[in-house]
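*Asks:* Handing you a structure now.
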Amino acid sequence: MTLNRRKFLGTSAGMAAALSAPAVLGAGRPRVVVIGGGAGGATAARYLAKDSKGAIDVTLVEPTRTYFTCFFSNLYLGGFRTLDSIGHTYGTLAAQFGVNVVHDWAVGIDRDARTVSLAGGAMLPYDRLILSPGIDFVDGAVPGWDVTAQNRMPHAYKAGSQSELLRAQIAAMPQGGVFAMVAPPNPYRCPPGPYERISMVAHVLRDTNPSAKILIADPKPKFSKQALFEEGWQKHYGGMIDRLGPDFGGDDVAVDPDAMTLNVDGEEIKVDVCNVIPAMKAGRICDLAGITEGNWAPVDGHTMQSRVDPNIHVLGDAAAQGDMPKSGFSANSQAKVAAMAVRGALTGSKVFPAKFSNTCWSLIDTDDGVKVGATYEATDEKIAKVDGFISQTGEDADLRAATYEESIGWYAGITQDMFG
Amino acid sequence: MRGGLAAIVIWGALTGAAPAEEEGRRIGDPVRGAEVFGQCAACHEVGPGARHRVGPHLNGIFGRKAARFDDFRYSDGIRRAGRDGLTWDLEHLDAYLTNPKTLVSGTRMNFRGLKDRRDRDDVLAYLRQFSDNPSDIPEAAPTARKVEVELPPEVLAIMGDPDYGEYLSSECTTCHQIDGDAEGIPAIIGWPEEDFVLAMHAYRRKIRPHPVMQMMAGRLSDEEIAALAAYFGALE
Ligand SMILES: Cc1cc2nc3c(=O)[nH]c(=O)nc-3n(C[C@H](O)[C@H](O)[C@H](O)COP(=O)(O)OP(=O)(O)OC[C@H]3O[C@@H](n4cnc5c(N)ncnc54)[C@H](O)[C@@H]3O)c2cc1C
């Protein structure tokens, strides 16, 4: 038997209206609204539409028409990718999978009435709601910084114009200038992300501005893939990078965006570029929905259902789920479990036990890639780690080059898995 | 799955120390191995003056990383295995000779494999003479002992459930592109089911190198592997 999945799906999505809808929830097709068209939301919308073969009415709410992935945005900073190559649109989700894509902001959720209100004024009813809004920053996390300062001191932790801005600022640094990063406290989006970024900035500066310095103020005593990054920094960028951990005041940092200064433990440092990555919390819409506890939205790992409201599933960075790092890979993995659970609840389709996995690749220098990964399962308490691995220090150049190539394959795979 | 297959033997990794009497054992009979090598000689040369032919020459094969010669055109599959860290020690040569597809799917080595253990032992003993100071063979330290792990015919005969495979496949398609592009990560659609099953079991038993795949395969049951093989095998 050969089955051309793409053609088959294309037809079935096109015929969606003609298919008889299961009458599980009475008249009409059950409605799922997905808020956020990123790693979690786009995947969930695509899998729901694809696997329900038209039996579920899927609406995706996402304000931007082009989603720039944060993953590989560091490679854009390092000159390994163009910005275009990390931008994705929603045309295939709409045309081939029959997802109703609405470019708007969700501004309110009425959990009793089960409706979502949009900035444009529309009201969307739902049977199940999936929230994957990513992160926002904690107000006042870095004294002196708020989002009005993000043009002088970019975070570049949501990709797109912020990434472009940071890249331009790096290019404009005076010879021998200082690039500073204020690293975030745990938990935050993409644990190795700040350190991959440091690697990419160093890669650019080594060629264009070799006397420049890189300074990291870090509130964490240790960080993801630390041994691998430190080995790589020593090997490729010896002497360029200094990290001030909490023992050197890295947990006591303020900035002055107008003066372009960084204050570490009372000491004022003049810098040329300041990349401020503040503490994070679930995207604001989670607060508006009233499903957060502290900064994040707790979920049950078996289904990704909110612990507060079982009609809402929360995916990706916004969720407090247990052991999985906040990554695009994790969000994509959680989205498939949620899509299966939602489909099962709304159409009676078979539900298999939840399985999760994650692998994060990081690039340290040209052809020097490393990775860390793990598998997870749902317990009643949380999503719990089962097994894992990490690249080793001292690996040979061949393996590191293969690891980098693999990350390029992963990028192509996951973006196809999200957007079709 | 095709029926009537002989048991396929995979050597597992060494666990625990070898009993003393195993140490110092010779791999096999090199004189008889020279005869068995006749089956290989149409494609491979070994010994003084050996050159690449259809296959690369085999001097110094023991302890060499797979796909190491710059002047030989390898298949993508074996080049990838080499970069993942596949090294031709006794255990891996033996697994490869048993069935090349255990270690490398899509290998150009068009050879069904030597199913008879004595044939393999003897030909390896013969080849071993043309490698300097190989490690991981019985007469060198550290001593590796081959541990037999069978992939019995029942396992190969499991009929995979493609519906279950479709659900499980979503874990694979985060990295392996569903349209069959093989940039950086191999394509896995449209494989013969048996090749898929062999490959996954070899990862699960950590005979194939690659930490991500060892981890992913490590928690798949025999049935789940068969289901994935059935599902991906039907895609084109
Ligand atoms: C520099 C960097 C490097 C990274 N590298 C990697 C990597 O290599 N591998 C990896 O796996 N992960 C990586 N990540 C992490 C990854 O980007 C995130 O974990 C992932 O995007 C989370 O997915 P998500 O769906 O939770 O949120 P997002 O992908 O951020 O998607 C959220 C979407 O929701 C939309 N949205 C928010 N609020 C609303 C609203 N009210 N109404 C409508 N829409 C809304 C936003 O516009 C956005 O498009 C990296 C992150 C950064 C910053």
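The values are calculated or read from the model by the stated rules, or taken from the named source; none is laboratory data. Because the structure is a prediction, the values reported are computed rather than measured. Because the Cβ atoms are built from the backbone with ideal geometry, glycine has one as well, and the counts that use them run over all protein chains shown. When the accessible area is computed, the model is the full protein with side chains, heavy atoms only, and any ligands, DNA or RNA have been set aside. Shrake-Rupley method; radii C 1.70, N 1.55, O 1.52, S 1.80 Å.
*Asks:* Excluding ligands and nucleic acids, what accessible area in Å² is computed for B:LYS65 using a 1.4 Å probe, to the nearest 10?
*Replies:* Per-residue accessible area (B:LYS65): approximately 30 Å².
*Asks:* Between the alpha-carbon centers of the range A:56-100 and the range B:55-131, tell me the distance in whole angstrom.
*Replies:* Spelled out, the Cα-based centre of one part sits 43 Å from the other.
*Asks:* Going by amide H atoms built from the backbone, whose H comes under 5 Å of the H on A:ILE216, apart from near neighbours?
*Replies:* Answer set, sorted by chain and number: A:MET181, A:ASP242, A:ARG243, A:LEU244.
*Asks:* To continue, here is another question. Counting pairs of alpha carbon atoms under 8 Å apart in space and at least six apart in sequence, what relative contact order in percent does the range A:102-259 give?
*Replies:* Over the range A:102-259, the number comes to 21 percent.
*Asks:* Next question. When all protein chains stay in place, what accessible area (Å², nearest 10, 1.4 Å probe) is found for A:SER211?
*Replies:* Probe radius 1.4 Å; accessible area of A:SER211 about 70 Å².
*Asks:* Note down the nm distance, to one decimal, between modelled labels 7 Å out along Cα→Cβ at B:SER75 and at A:GLN392.
*Replies:* Distance between the two pseudo-spin positions: 2.7 nm.
*Asks:* Using a 10 Å cut-off on Cβ to Cβ distances, tally the other chain neighbours for every residue of A:335-348 and report the average as a whole number.
*Replies:* Per residue, the number of nearby Cβ atoms from other chains is 1 on average.
*Asks:* If you fit an axis through the alpha-carbon atoms of helix A:328-347 and take the longest principal axis of the Cα set of chain A, what angle between them do you get, 0 to 90°, nearest 10?
*Replies:* Relative to chain A, helix A:328-347 is tipped by roughly 10 degrees.
*Asks:* What does the charge dipole of the protein assembly as shown about its Cα centre add up to, to the nearest 20 debye, if the Cβ of each Lys and Arg holds +1 and the Cβ of each Asp and Glu holds -1? Don't jump to the answer; show the numbers that get you there.
*Replies:* Details: 66 positive and 83 negative charges, 284 e Å.
Dipole about the Cα centre, nearest 20: 1360 debye.
*Asks:* Rounded to the nearest 10 Å², what accessible area does A:SER117 show when all protein chains are kept and the probe is 1.4 Å?
*Replies:* A:SER117 exposes around 40 Å² with every protein chain in place.
*Asks:* I've got another one for you. Would you grab the residues whose amide H sits under 5 Å from the one on A:VAL102? Only those 5+ places off in sequence or on another chain, please, with H modelled 1.01 Å from N.
*Replies:* Answer set, sorted by chain and number: A:LEU60, A:VAL61, A:GLU62.
*Asks:* Relative to the first principal axis of the alpha-carbon coordinates of chain A, what is the inclination of helix A:397-419, with its axis defined by its Cα atoms, in degrees from 0 to 90 and to the nearest 10?
*Replies:* Helix A:397-419 sits roughly 40 degrees off the main axis of chain A.
*Asks:* Could you please put A:THR403, A:THR208 in sequence from largest to smallest accessible area, using a 1.4 Å probe? The partial results should precede the final answer.
*Replies:* Working: A:THR403 5, A:THR208 80 Å².
Greatest to least solvent exposure: A:THR208, A:THR403.
*Asks:* Would you mind calculating the relative contact order of the range B:153-233 from Cα pairs under 8 angstrom and at least 6 residues apart, reporting the percent as a whole number?
*Replies:* Values: 103 pairs, mean separation 40.6, N = 81.
The normalised contact order for the range B:153-233 reaches 50 percent.
*Asks:* Would you compute, from DSSP H runs of 4+ residues alone, the mean residue ellipticity of chain A at 222 nm, taking -39500 (n - 2.57) per run and dividing by the full residue count, rounded to the nearest 500?
*Replies:* Numbers: 10 runs with 122 residues, N = 420.
Mean residue ellipticity, 222 nm, calculated: -9000 deg cm²/dmol.
*Asks:* Next up: Top to bottom by accessible area (1.4 Å), largest first, where do A:LYS53, B:LYS115, A:LYS371 land?
*Replies:* Working: A:LYS53 70, B:LYS115 90, A:LYS371 10 Å².
Ranked from most to least accessible, the order is B:LYS115, A:LYS53, A:LYS371.
*Asks:* Please compute the contact order of chain A in relative form: average sequence separation of alpha-carbon pairs under 8 Å and at least six residues apart, divided by the residue count, as a percent.
*Replies:* On the way: 900 pairs, mean separation 74.2, N = 420.
Worked out over chain A, it gives 18 percent.
*Asks:* Across every pair of different alpha-carbon atoms, what Kirkwood hydrodynamic radius in Å does the protein assembly as shown reach?
*Replies:* Details: mean 1/r = 0.0370 Å⁻¹.
Answer for the protein assembly as shown: a Kirkwood hydrodynamic radius of 27.0 Å.
*Asks:* What translational D, rounded to a whole number of µm²/s, comes out for the range B:24-146 from Stokes-Einstein when the hydrodynamic radius is the Kirkwood one over Cα pairs, at 20 °C and 1.002 mPa s?
*Replies:* Details: Rh = 14.5 Å.
D = 148 µm²/s.
*Asks:* In what sequence, largest accessible area first, do B:TRP191, A:TRP296 appear using a 1.4 Å probe? Could you put the intermediate results ahead of the total?
*Replies:* Working: B:TRP191 60, A:TRP296 25 Å².
Sorted by accessible area, descending: B:TRP191, A:TRP296.
*Asks:* Using a Förster radius of 30 Å, what is the FRET efficiency between A:THR366 and A:LYS270 based on their Cβ-Cβ separation? Nearest 0.05, please. Mind dumping the intermediate values first?
*Replies:* Details: r = 31 Å, r/R0 = 1.04.
Rounded to the nearest 0.05, the efficiency is 0.45.
*Asks:* Can you give the accessible area buried between chains A and B, summed over both chains, with a 1.4 Å probe, in Å² to the nearest 100? It would help to have the intermediate numbers written out before the result.
*Replies:* Numbers: alone 17380 and 12220 Å², together 26340 Å².
Interface area, both chains combined: 3300 Å², rounded to the nearest 100.
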